[in-house]
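Please treat every number below as a calculation from the coordinates, not as lab data. All of these numbers come straight from a predicted model, not from anything done at the bench. A quick note on method: Cβ atoms are made from the backbone with ideal geometry, for glycine too, and the neighbour counts reach across all protein chains shown.
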Amino acid sequence: MLTNFERWRIYTQDLCSPQNYIDWTWRFIVSAALQRRVWLGIGSLKCFATSYNVLVGNPGIGKGVVLRKADQLLSHWKVQDSLIIPPDRKKALSPQQLQEPLIKTAPNASTYEALCSLLAKATSFVCYKEINGSGFAEEKIYSHASLCFCLQELGSLFRKHTNDLITFLREMYDCNEKDFTYITIGRGEDRIRRGCLSFIAGADPDFMQELFNDKLIEGGFLSRTFFIYSKRNRKSVFTPPDPTQEQIECEHTLLEHVRKLTTLYGRVAIDKETLDYLQNWWSDYNDNVLPNKPSKLNYFGARMNLHVMKVALANHFGESLEMTIPLWEFKRAIEILSEEENNMCQALMIEQHTQVSKCVKRVLECLLKGPKNFVDLYCDTVGIASKEELTEALQFLQDKGSISALGVESKTTGKVTMQYQLKGQQNDSSRTGS
């Protein structure tokens, strides 16, 4: 018996996309389908499955093709296909209302203003029963404004109003009870009640570098986003073949599961054993933070407890409709995040790699004039790279065989100084020790 995760892999097996792109896209689909209706409740904490995902890689690596698959699954069902809207209620809806998406999605190219407007209009209602103080089941209504979208290029979202956008994304990710208000010139006020947003987007390294250079990505966004990085696609695909019968059947099953996810509402429970395990794991995680982690990844690590819960929610509801998550699902979430963390490092260190590349170029230019020691090279690269980046650049050039290092003794002090020179370049020892 296949799992839905296995069906998703079969459904996407002809895509060139890297495997981690494909796997994280499935988790996003599940999270987006749950909207703001399902949460993991621990004490006063409510952790919703909302997720921000950025697929980072060079153009042509396969970001767009897998994003289109996600968009197809999420936008397939219409209100008329709902499993929980009573038939008499459906009859009262207009043909236009019946054709509205069951899972509300934003256009593939969106802006901050458009998202605010769409979310303000995206309010949905869930009817449920709650036992009151007298022991009777009381009917209640829960409202939420949930939206998801798949962007081919993250840059289309960061074109303007970036500071406002970051604040907006932070609020929608946290799913706060407080209303979010956006004042417009033409429409007046857009008010979002119980807002919830999930997205997945593509980004190439050049755009990521622009964000870092312009300081558009800050800690609040870094701490909430899965940056999924890959250097290359998993295979070359000239053009995808027609789907096989097995793939068609997998697509049908996946679509049905997504539709069933739209019927869920309420708090997801975990038992005391699971809670105790997670508390012990979280204490160990904070006590054993690796000192050599990139500083940008520290923001993400500060919310690792929430990331584990969100991944566990996505994995669990990718296969089940049960409102209890077992311990092994959390253990698997921890393993998945641990494995992916190295790739996230690559995505978040693009800025550092770029600075080292600039430093490499500058060092070669300087050494064309003759051998130099570290201090001389540091003075020549001030404003381009830090000491650590200069050290990395020099090591890279030595490993590549472009330069060599030679210890030269000063004639006056006897102190040995490391001198760097281009391979084949004659060392002028008379310049050393000055």
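Tilt of helix 63-75 relative to the longest C-alpha principal axis of the chain, in degrees (0 to 90, nearest 10)?
The angle comes out at about 10 degrees.
Helix 350-367 versus the longest principal axis of the chain: what angle, 0 to 90°, nearest 10, using Cα atoms?
Helix 350-367 sits at roughly 20 degrees to that axis.
Any chance you could list the semi-axes, whole Å, largest first, of the equivalent ellipsoid that the Cα gyration tensor gives for segment 71-117, using √(5λ)? Mind dumping the intermediate values first?
On the way: eigenvalues 121, 32, 12 Å².
The three semi-axes for segment 71-117 are 25, 13, 8 Å.
Let me have the 222 nm mean residue ellipticity of the chain computed from DSSP H runs of 4+ only, each contributing -39500 (n - 2.57), with the sum over all residues rounded to the nearest 500. Working shown, then result.
Numbers: 17 runs with 197 residues, N = 434.
Calculated from helices alone, the mean residue ellipticity at 222 nm is -14000 deg cm²/dmol.
Among L102, L119, L74, which one moves the most in a GNM of the chain with springs linking Cα atoms closer than 10 Å?
The residue that fluctuates most here is L102.
Taking a ≥ b ≥ c as the square roots of the Cα gyration tensor eigenvalues, with a/c under 1.5 meaning rounded and otherwise prolate when a/b beats b/c, else oblate, which class fits segment 39-101? Before the final figure, lay out each step's value.
On the way: a/c = 4.33, a/b = 1.34, b/c = 3.22.
Note, shape of segment 39-101 comes out oblate.
Note down the relative contact order for the chain as a percent, whole number, built from C-alpha pairs under 8 angstrom at least six residues apart.
Numbers: 668 pairs, mean separation 85.7, N = 434.
Relative contact order of the chain: 20 percent.
Using only Cα positions of segment 111-186, each an equal point scatterer, no hydration layer, compute I(q)/I(0) via Debye at q = 0.14, 0.18 Å⁻¹ and quote the log10 values to two decimals.
-0.59, -0.82
Which net charge results when you count Lys and Arg as +1 and Asp and Glu as -1 among the other residues whose beta-carbon is under 12 Å from that of V382? Provide the component values of the computation, followed by the final result.
Details: positive: R362, K387; negative: D376, D380, E389.
Here the count lands on -1.
Determine the equivalent ellipsoid of segment 367-431 by diagonalising the alpha-carbon gyration tensor, then write out the semi-axes as square roots of 5 times the eigenvalues, largest first, rounded to whole Å.
Details: eigenvalues 77, 44, 23 Å².
Sorted largest first and rounded, they come to 20, 15, 11 Å.
According to the Kirkwood expression over distinct Cα-Cα pairs, how big is the hydrodynamic radius of the chain, in Å? Don't skip to the answer; put the middle values down first.
Working: mean 1/r = 0.0405 Å⁻¹.
Kirkwood hydrodynamic radius for the chain: 24.7 Å.
Taking the chain as a Gaussian network, Cα atoms linked when under 10 Å apart, which of T167, T263, T391 shows the biggest mean-square fluctuation?
The residue that fluctuates most here is T391.
Pick out which of T324, T225, T381 has the largest mean-square fluctuation in a Gaussian network model of the chain, springs linking Cα atoms closer than 10 Å.
T381
Helix 304-317 versus the longest principal axis of the chain: what angle, 0 to 90°, nearest 10, using Cα atoms?
In the chain, helix 304-317 runs at an angle near 50 degrees to the longest axis.
Once the cut-off is 18 Å, how many percent of the Cα-Cα pairs in segment 120-251 end up in the long-distance tail?
Values: 6082 of 8646 pairs.
Taking all Cα-Cα pairs of segment 120-251, the fraction more than 18 Å apart is 70 percent.
On a straight-distance basis, which lysines could pair with K91 in a cross-link, Cα separation under 28 angstrom, same-chain partners fewer than 8 positions away excluded?
K78, K104, K121, K129, K140, K260
Give me the dipole magnitude in Debye, nearest 20, for segment 367-431 about the Cα centre, with unit charges on the beta carbon: positive for Lys and Arg, negative for Asp and Glu.
Values: 8 positive and 8 negative charges, 54 e Å.
So the magnitude is around 260 debye.
Please check the chain for the longest run free of GluC sites (Glu not before Pro) that are loop-located per DSSP (anything but H, G, I, E, B) and have at most 14 other Cβ atoms within 10 Å. Write down the numbers at each step before the final one.
Numbers: sites that count: E177, E218, E319, E322.
After excluding every exposed loop site, the longest remaining stretch is 1-176.
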